[in-house]
Amino acid sequence: MLAVVKEHAGEGFAVKQVPYPVLREDDVIIKVRSVGICGTDGPILAGTREVPYPLIPGHEFAGDVVEVGSRVKNLKVGDRVTPCIVIGCGDCDMCIEGKEVLCDHLVETGIHVDGAFAEYVRVPAKVCRKMRDTTTYDQGASVDPIASAYRTVKASAITSKDVCVVYGPGPIGLYAVQLIKLRGAKTVICVGTEVDVERLELAKKLGADVTINASKEDPIEKVREVTKGRMADFVQDCVGVPGVPTGAMNMLKKGGTYAVTGLYHSLPEVDLGKVVRREINIYGTICYTRQEFEECLDFVEDGRVKVEPLITHHFPLKDMEQAFAVMQSKQCMKIIMHP
């Protein structure tokens, strides 16, 4: 079968024929129909994030079950499914508490084990969620990033009187905008930069009440203007850029909340004195639980979260080099590959 393989550290990846996956008793094999390129996949393919080599990346996907392990009872050949990335052991304290994303022995599809940049992929049956007949494969492949944004929003105390700021109008940020609106927030503000002009326009269409181009105006002063000096109740950081925490602290009201979804790869400066004096609440989330994944599939299937406006490019899997170049150029939003 055809697959994209990261064979070694450093630059370069191969699009090549590899063996078909071996079925195990608790697993299913899925014919991949749609698989998105995630921000996590970029560093893996570029060679700046180490993974077990060789590895087939790809974890935002949907497809058809073509083989079922002998102990699998809840799935059958022909089922249309979207699997979540998180594979918990089921036995550690975190798994027992329902926090499998913090599993002591966490395995993630496409990061620790072979993923879906391939014609076929093997995953545990327990992580698969069935899709309705009317749900497209592209929609199914979009549930993973929605769920990553959702875990942060779900953990918040957002109410109908709150002003909420989303930093970063990428896919995660634009899903956060929609999810915060679903939560009933009074005002949603989305912050980007000059390279995000089109994305900020899309944020408006998806529910943002105000957008801020931080390359042209001071986002803190703009939040002050919009709120008439009250400042924001909640800031969701979907970018992981070192300068954001300082800005977030300065645009929050006393007792406000700074929630981190974006993954930081370098240490940002954080004024902990301000955190204490203003009683700022800070928390972060990583990935999602299977329950949250299923809730987000419902959002998509019910039409409460829109995914189609974010999908800008489609490529066959054999053209991954071209797709990766488009991703690196940042002239896209979400790219969907079709094996």
*Pick from the stretch 28-44 the residues that are more than 17 Å from the chain's Cα centre (by Cα) and surrounded by fewer than 23 Cβ atoms within 10 Å (Cβ to Cβ): which of them is nearest to Tyr120 (Cα to Cα)?*
Lys31
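What are the residues in the stretch 272-319 that are in a helix (DSSP H, G or I), under 18 Å from the mean Cα position of the chain (by Cα) and either loosely packed, with under 15 Cβ neighbours inside 10 Å or hydroxyl-bearing (Ser, Thr, Tyr) (or both), if any?
Of the stretch 272-319, the ones in a helix (DSSP H, G or I) are 272-277, 290-301, 308-310, 317-319.
Still in the list and also under 18 Å from the mean Cα position of the chain (by Cα): 290-301, 308-310.
Within the stretch 272-319, Gln291, Asp298, Glu308, Pro309 meet the criteria.
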*Give me the pairs: first residue in the stretch 108-134 and farther than 15 Å from Pro21 by Cα, second residue open to solvent by 80 Å² or more (accessible area, probe 1.4 Å) and modelled with pLDDT of 95 or more, beta-carbon distance under 7 Å, and six or more apart or on different chains, which are they?*
Arg129/Glu294
*Would you check if there is a residue in the stretch 241-255 being more than 17 Å from Gly168 (Cβ to Cβ) and part of a loop (DSSP other than H, G, I, E, B)?*
no
_Subset of the stretch 243-255 [crowded, with 22+ Cβ neighbours inside 10 Å and more than 19 Å from Ala149 (Cα to Cα)]_ = Met251, Leu252
*Among the candidates Ala141, Ala203, Ala155, Ala176, single out the residue that is of a type in the set (A, V, I, L, M, F, W, C), open to solvent by 30 Å² or more (accessible area, probe 1.4 Å) and touching a strand residue (DSSP E or B) at 6+ places or on another chain (Cβ under 7 Å).*
Ala155
*asked:* Just to be sure I understand, how many residues within the stretch 35-68 are small (Gly, Ala, Ser), assigned to a loop (DSSP other than H, G, I, E, B) and under 18 Å from His314 (Cα atoms)?
replied: 2
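Take Lys99 and decide whether it is surrounded by fewer than 20 Cβ atoms within 10 Å (Cβ to Cβ), over 22 Å from the mean Cα position of the chain (by Cα) and either over 30 Å from Phe315 (Cβ atoms) or polar (S, T, N, Q) (or both).
Working: surrounded by fewer than 20 Cβ atoms within 10 Å (Cβ to Cβ): yes; over 22 Å from the mean Cα position of the chain (by Cα): no; either over 30 Å from Phe315 (Cβ atoms) or polar (S, T, N, Q) (or both): yes.
So Lys99 fails the test.
In this structure, does Phe324 turn out to be out of contact with any strand residue (DSSP E or B) (no Cβ under 6 Å at 6 or more places or on another chain), touching a residue at least 40 places away in the same chain (Cβ under 8 Å) and more than 18 Å from Leu179 (Cα to Cα)? Spell out the reasoning first.
Details: out of contact with any strand residue (DSSP E or B) (no Cβ under 6 Å at 6 or more places or on another chain): yes; touching a residue at least 40 places away in the same chain (Cβ under 8 Å): yes; more than 18 Å from Leu179 (Cα to Cα): yes.
Answer is yes for this residue.
The values are calculated or read from the model by the stated rules, or taken from the named source; none is laboratory data. Since we're looking at a predicted model, the values are computed, not measured. Using ideal geometry, Cβ is built from the backbone for each residue, glycine included, and neighbour counts are taken over all protein chains shown. Accessible surface areas use protein heavy atoms only, side chains included; no ligands, DNA or RNA. Shrake-Rupley method; radii C 1.70, N 1.55, O 1.52, S 1.80 Å.
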